[in-house]
Amino acid sequence: MITEAIESIADKLLAVDDAELKKLLHHFKNRMYQGEPTRSWERAVLGYFLVNGIRVKNALKRGKLQRQKLRSHSPPSLKLVKA
């Protein structure tokens with residue numbers, strides 16, 4: 001049950017664009033710093049790390065795509081093989 005709930009949340013977050021993720025990150029960050037350790041504060045902390053996790057994933061994905069793009073434009077590495 002909890003697995004499905006987390007995957008559902010992940011699907012919803014994956015559909016959000018970077019600009020909206022940035023707004024959400026600031027929203028949860030402000031709630032974390034303003035609040036006392038209550039249930040609402042705990043939810044803000046979890047929200048912050050979920051949103052930040054998506055942003056980190058996006059940055060890693062962009063870096064990986066850039067490296068693949070650079071490799072595709074460079075000549076292949078050749079090794080000298082003695083016959």
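The values are calculated or read from the model by the stated rules, or taken from the named source; none is laboratory data. Everything numeric here is computed off the predicted structure, so don't read it as measured data. Side chains included, ligands, DNA and RNA excluded: accessible areas come from the protein's heavy atoms. Shrake-Rupley method; radii C 1.70, N 1.55, O 1.52, S 1.80 Å.
Over the chain, with every protein chain in place, what whole percent of the accessible area is carbon and sulfur at 1.4 Å, could you tell me?
60
Multiplying each eigenvalue of the alpha-carbon gyration tensor of the chain by 5 and taking the square root yields semi-axes of 41, 15, 12 Å, largest first, rounded to whole angstroms. Lysine pairs in the chain whose alpha-carbon atoms fall under 16 angstrom of each other, counting only those eight or more residues apart or on distinct chains, come to 5. Accessible surface comparison of VAL51, VAL81, probe 1.4 Å, protein chains only, largest first: the order is VAL81, VAL51. From helices alone, the chain scores -27500 deg cm²/dmol at 222 nm; the rule is -39500 (n - 2.57) for each run of n ≥ 4 DSSP H residues, then divide by the residue total. Between 0 and 90 degrees, the angle of helix 18-34 with respect to the longest Cα principal axis of the chain falls at about 40 degrees.
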